[in-house]
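The block underneath contains the structure these notes are about, expressed in structure tokens.
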Amino acid sequence: MDFRLLFPSKYLAAHDLRGKDVTLTIRRVIVEELETDRGKKKKPVVYFEETKTKAEETGTEEKRLVLNVTNAKSIAKMHGNEIEGWAGKRITFFPTQAEAFGEMKDCLRIRPDVATPAANGKIGPE
């Protein structure tokens, strides 16, 4: 098990996917004020049906995704530019790496189509 799964965060990260594709249903997208290393900043945050259900079942905090430009463009290409229209739409994440701040970092990206349920992984620790 990836040690990072022992220290849960409310934000979805590449290690949460445990090396597999994960398909989730968008519940809503809202702009929230987040604490960053540069102070408070407003960022779009995506909430999902499946992570809400899991949080309710386990009594944990709901996982959500801080949306970056790359992933926003991927969702828009699949489901249109209007974020209000994204609710109820499914997207498939996969873990990968990208260069950030001069080094390779783990990240999440979105596939251009939705994975079949049989190929869908789980999020976080068992």
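The values are calculated or read from the model by the stated rules, or taken from the named source; none is laboratory data. None of these values were measured; they are calculated from a predicted model. Heads up, the Cβs are rebuilt from the backbone with ideal geometry, glycines too, and the neighbour counts pull from every protein chain shown. We work out accessible area using only protein heavy atoms, side chains counted, and drop any ligands, DNA or RNA first. Shrake-Rupley method; radii C 1.70, N 1.55, O 1.52, S 1.80 Å.
Structure notes:
- Check on residue 106, at pLDDT 90 or above, touching a helix residue (DSSP H, G or I) at 6+ places or on another chain (Cβ under 8 Å), open to solvent by 60 Å² or more (accessible area, probe 1.4 Å) and not basic (Lys, Arg): yes
- Residue match in region 7-20 (condition: touching a residue at least 60 places away in the same chain (Cβ under 8 Å), charged (D, E, K, R) and closer than 18 Å to residue 113 by Cα): yes
- Residues of region 1-13 classified as outside any loop (DSSP other than H, G, I, E, B) and open to solvent by 50 Å² or more (accessible area, probe 1.4 Å), total: 4
- Applying the criterion of being in contact (Cβ under 8 Å) with a residue 12 or more places away in the chain and out of contact with any helix residue (DSSP H, G or I) (no Cβ under 6 Å at 6 or more places or on another chain) to the residues of region 26-43, the residue that is surrounded by the most Cβ atoms within 10 Å (Cβ to Cβ) is 28.
- Test: residue in region 85-92 that is closer than 29 Å to residue 1 by Cα, of a type in the set (Val, Ile, Thr) and either open to solvent by less than 50 Å² (accessible area, probe 1.4 Å) or part of a strand (DSSP E or B) (or both): yes
Table: residues versus (1) under 10 Å from the mean Cα position of the chain (by Cα); (2) within 21 Å of residue 107 (Cβ to Cβ); (3) surrounded by 11 or more Cβ atoms within 10 Å (Cβ to Cβ); (4) not aliphatic (A, V, I, L, M).
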| residue | (1), (2), (3), (4) |
| --- | --- |
| 15 | no, yes, yes, yes |
| 24 | yes, yes, yes, no |
| 60 | no, no, yes, yes |
| 79 | no, yes, yes, yes |
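- Hits in region 52-78 - residues which are touching a residue at least 24 places away in the same chain (Cβ under 8 Å), over 16 Å from residue 8 (Cα atoms) and assigned to a helix (DSSP H, G or I): 70, 71, 72, 74, 75, 77, 78
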